[in-house]
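Enquirer: This structure is in structure tokens; I'll ask about it shortly.
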Amino acid sequence: MPHVSSKQLDSVLSEKLFTKLLVVFGQAQNKNSLSKVINELLTPTEKTMLAKRLAIILMLKSHTPQHKIADILKVSPSTIARISLDAEIGEYDSILKISSREEADIEKLVWNILTVGGMMPPRAGKKYWTKDLKWRA
């Protein structure tokens with residue numbers, strides 16, 4: 001988990017910094033420039049943490065069992081339970097609204113990553129594969 005200093009910023013300064021962060025993200029008009037900004041601001045650990053959190057949210061939305069999410073993403077069941085509770089109270093509605101515009105199925109995306117685009121068999125879960133080792137939708 002990324003380290004956060006115990007020294008608190010003034011709330012006005014903190015709000016201004018957050019606003020500036022949003023402006024910088026907003027000015028990154030295309031995927032390439034946004035990718036550069038994110039790579040410059042975030043460490044690999046922070047990017048992984050955020051990507052896993054997003055994947056958990058989207059996989060919960062698609063009704064993927066929590067134990068399967070924990071196994072695939074290598075996260076603790078307590079992390080998934082916490083995010084699940086937050087999702088139930090509408091904590092991620094903006095993310096879900098934005099992601100609903102996307103056609104990609106997050107579970108298929110994760111399986112493609114884990115199996116190198118369907119080239120390798122999964123370590124478990126043969127029910128997801130046809131006899132010729134292709135992903136079964």
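Read-outs: derived from the displayed coordinates by stated rules, not from any lab. Since we're looking at a predicted model, the values are computed, not measured. Cβ placement follows ideal geometry from the backbone for every residue including glycine, while neighbour counts extend to all protein chains displayed.
Enquirer: Considering region 36-60 alone, what residues qualify as being touching a residue at least 40 places away in the same chain (Cβ under 8 Å) and either more than 22 Å from residue 4 (Cβ to Cβ) or among the acidic types (Asp, Glu) (or both)?
Expert: Scanning region 36-60 gives 46, 55, 58, 59.
Enquirer: Write out, first by first residue and then by second, each pair whose Cβ atoms fall under 6 Å of each other, whose residues are 6+ apart or on separate chains, and whose first residue, in region 72-86, is closer than 16 Å to residue 45 by Cβ and touching a residue at least 24 places away in the same chain (Cβ under 8 Å) while the second is part of a helix (DSSP H, G or I) and basic (Lys, Arg).
Expert: Going by the 6 Å Cβ cut-off, the qualifying pairs are 73/52.
Enquirer: Still on this structure, I have one more. Taking helices (runs of 4 or more DSSP H) that fall entirely within region 1-101, which contain at least 2 residues that are in contact with a helix residue (DSSP H, G or I) (Cβ under 9 Å, 6 or more places away or on another chain) and β-branched (Val, Ile, Thr)?
Expert: By residue number, 31-41, 44-61, 66-73, 77-88.
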